[in-house]
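Here's the structure, in structure tokens; my notes come after.
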Amino acid sequence: MMSKVLILPGDGIGPEIVAEAVRVLDAVNQKLDLGIETEQGLVGGIAIDAEGSPLPESTMEKARRADAILLGAVGGPKWESLPMVQRPEKGLLGLRSQLELFSNLRPAILYPQLADASSLKPEIVAGLDLMIIRELTGGIYFGQPRGVRQLEDGQRQGYNTYVYSESEIERIARSAFDTAMRRDKRLCSVDKANVLEVTELWREVVERVSADYPEVELSHMYVDNAAMQLVRNPRQFDVMVTGNMFGDILSDCAAMLTGSIGMLPSASLNAKGQGMYEPIHGSAPDIAGKGIANPLATILSVSMMLRYSLNQPEAAQLIDQAVGRVLDQGLRTADIMSEGAQQVSTQQMGDAVLQAL
Ligand code: ATP
Ligand code: MG
């Protein structure tokens with residue numbers, strides 16, 4: 001079966017790390033005869049410079065007909081003085097909203113070879129492998145009404161609205177249960193049902209959906225407790241699902257438990273299984289063009305793509321194993337360097353993964 005992948009390198013270190021990830025994708029494509037076709041497009045600052053828009057219509061067209069998108073990163077100091085609505089980041093938000101990528105999957109994995117990178121004690125994080133699923137297109141970040149208004153007493157008042165409809169909750173819940181089914185079959189839904197009616201409804205709908213997934217063990221946790229538990233004993237979790245704002249905060253917290261920002265991939269999926277895959281880190285302008293960026297988060301994003309949009313779990317596993325192998329060999333980019341290891345460039349890391357494949 002043929003599938004199409006759109007490659008969007010973006011800005012900063014984006015092109016450098018995406019180049020390595022594309023080499024890896026090409027290699028598994030050939031090796032396993034997956035029939036994947038790739039094409040390139042512009043998004044972010046580079047698209048502003050070339051076409052006057054962070055998300056040109058030509059890119060959007062390619063995105064609509066792609067099964068999956070591989071994105072590097074967008075943004076950088078060059079475009080920071082632009083008005084908010086014209087910034088590179090708008091390209092990303094446009095892709096998310098136009099493709100309705102409502103389900104954001106953020107794994108937090110601690111590689112045993114990098115155990116000393118975590119700020120937590122080894123006995124707390126060793127073997128950490130959890131997945132946070134964040135609702136990405138609704139909740140308080142998008143709810144109406146919103147704004148800053150003038151009050152009669154002369155002061156101003158800021159306000160946002162936390163809304164979720166039953167159908168929005170149901171689809172993210174299904175996405176989370178489906179993911180739990182592919183993993184350890186334990187799902188923790190995070191809310192604030194003791195204070196917020198919207199999350200009371202959230203809990204009710206998640207409970208209802210759970211009837212269709214009798215094999216998955218469901219639990220509920222208030223967000224404040226979930227934050228505490230993530231730091232206290234993160235290994236109690238397998239899959240966590242939560243709304244947009246809670247997920248934003250908890251997923252960054254979970255990522256940092258691993259201490260390796262250059263190692264973590266992410267996926268954003270819609271109801272058709274179309275997805276955008278990208279490293280969780282940004283465009284890292286401070287190291288762009290130096291050839292020292294860690295390409296592994298982007299390479300692991302390709303693995304997620306094969307697993308979640310292209311239905312090629314064996315190919316995904318090959319990549320995961322290859323990454324494990326290069327870490328075993330002691331190869332490290334500067335960001336994950338430790339004593340006794342061998343420091344390599346972005347491209348050398350890509351070479352090593354290809355070799356291991
Ligand atoms: P954004 O707003 O896009 O999230 P940011 O400025 O918050 O960007 P990053 O661009 O992720 O954050 O960079 C944070 C720090 O991590 C920087 O010092 C950067 O050099 C480093 N960093 C990020 N990604 C990588 C990578 N792949 N390899 C090595 N270092 C990285
Ligand atoms: Mg940031």
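Okay, here's what the table says:
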{"quantity": "Full-stretch length increase - Asp212, Gln144 - with 0.36 nm per residue and alpha-carbon distance subtracted", "calculated": "21.3 nm"}
{"quantity": "Taking the C-alpha atoms of the chain, convex hull volume expressed per residue in Å³", "calculated": "153"}
{"quantity": "Fully extended contour minus Cα-Cα distance, from Thr161 to Glu57, at 0.36 nm per residue", "calculated": "34.3 nm"}
{"quantity": "Modelled FRET efficiency - R0 25 Å, Gln355 with Asp184, Cβ distances, 0.05 increments", "calculated": "0.20"}
{"quantity": "Charge-dipole axis of the range 114-228 as Lys and Arg at +1 and Asp and Glu at -1 on Cβ define it, positive-most pick from Val209, Gln150, Val195", "calculated": "Gln150"}
{"quantity": "14 Å Cα-Cα reach of Lys62 towards aspartates and glutamates, excluding residues that sit fewer than 8 places from it in its own chain", "calculated": "Glu37, Glu39"}
{"quantity": "Value at 222 nm in deg cm²/dmol, rounded to 500, when DSSP H runs of n ≥ 4 in the chain each add -39,500 (n - 2.57)", "calculated": "-12500 deg cm²/dmol"}
{"quantity": "The range 119-182: relative contact order as a whole-number percent, Cα under 8 Å and 6+ apart", "calculated": "27"}
{"quantity": "Largest-first principal axis extents, alpha carbons of the range 109-204, Å", "calculated": "60, 32, 24"}
{"quantity": "Long-range tail of P(r) for the range 178-225 (Cα pairs > 15 Å, %)", "calculated": "44"}
{"quantity": "Sequence-separation-based contact order of the range 129-257, relative, with Cα cut under 8 Å and 6+ spacing, percent", "calculated": "37"}
{"quantity": "Kirkwood Rh (inverse of mean 1/r, distinct Cα pairs), the range 129-257, angstrom", "calculated": "15.4"}
{"quantity": "Extension gain (nm, one decimal) between Asp153 and Ile124, 0.36 nm per residue minus Cα-Cα", "calculated": "5.3 nm"}
{"quantity": "The range 12-128: C-alpha gyration tensor shape, a/c 1.5 cut-off, then a/b vs b/c", "calculated": "oblate"}
{"quantity": "Whole-Å distance, taken between Cα centres, linking the range 45-99 and the range 141-178", "calculated": "25"}
{"quantity": "Quotient of Cα Rg and 2.2 N^0.38 Å for the range 176-316, N being how many residues it contains", "calculated": "1.16"}
{"quantity": "Order of Ser266, Ser119, Ser53 - criterion: other Cβ atoms within 10 Å of each residue's Cβ, fewest first", "calculated": "Ser119, Ser53, Ser266"}
{"quantity": "Relative contact order for the chain, counting Cα pairs under 8 Å that sit 6 or more residues apart, in percent", "calculated": "21"}
{"quantity": "Taking Ser3, Ser175 and counting other C-beta atoms within 10 Å, the order from fewest to most", "calculated": "Ser3, Ser175"}
{"quantity": "Three-way shape call for the range 228-291 based on the alpha-carbon gyration tensor, with the a/c threshold at 1.5", "calculated": "oblate"}
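Bear in mind that the values in this text are calculations on the coordinates, not laboratory data. No experiment lies behind these values; they were computed from the predicted model shown. Quick reminder, even Gly has a Cβ in these numbers, built from the backbone with ideal geometry, and neighbours come from all protein chains shown.
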